[in-house]
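All remarks here apply to the structure that follows.
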Amino acid sequence: MKASEIFCKPVECEDKKRRGYILGISCVEDLIEGYICCNERENEFFAESFGVKFTDESAVIIKVGKQSKRGVRLKLGYPLYSEAGKFLGHVEDFTVKGNKIVWAHVGKRKYPFTRLTLGDVAVLKSARADAETAAKDMFIDALCSPSES
C-alpha cells in the first residue's frame, strides 16, 4: 500500500459512525506509530496503529491514543538530498507494508526508508556508512566477547 492511499481516507468508529479522515502518518524510525486524524470540525486526534483496521473504503478506529514525542509526521514532497548535499528530487510517495514504511519513492527511483533521516528535508544516508557501522559493530563484539579456551 502507498502512503498516498492512506492520506484522506475516511475514518469510522467500530459502530460505523463517521468520524473524519486520516490527515497524516506518525512514525518512529521505520515503524508506523499511528495516524493523525481529523474530525469533521477539523479537530485533530490520534489513532494508534494497532488500533486501526483498514478496509477498501475506509479505516476503522478501535483505539484512540496519544502521539509520542519521538513520532515524526510523515509527509509527501520532502526534498531529498544525499549526505554530500546533492539534490535527488522530491519524495513523491512511501510504500507501507504492514506496520512499516519500507520505501521512499523519488521519480522512478526508490530508496530504503531506513536510510532516510527526516526533518525539514530528507537526507539519504549512504549504504557504505551502514556497512562501515556494521563492520565496526562486529569488530567491537569480537573484542568484547569472552574468548574460548
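Observations, loosely collected:
- Positive dipole terminus of region 1-126, leading residue within THR95, THR55, PRO112 (C-beta point charges): PRO112
- Greater than 24 Å apart at Cα, pairs in LYS9/LYS125; LYS97/LYS125; LYS53/LYS125; LYS2/LYS86: LYS9/LYS125; LYS53/LYS125; LYS2/LYS86
- Region 1-101 - Debye-derived log10 I(q)/I(0), Cα point model, q = 0.17 Å⁻¹: -0.75
A short reminder: the numbers here are calculations on the coordinates, not readings from a lab. Just so it is clear, the model here is predicted, and its values are computed rather than measured. Don't worry about glycine lacking a Cβ; one is built from the backbone with ideal geometry, like all the others, and counts go over all protein chains shown.
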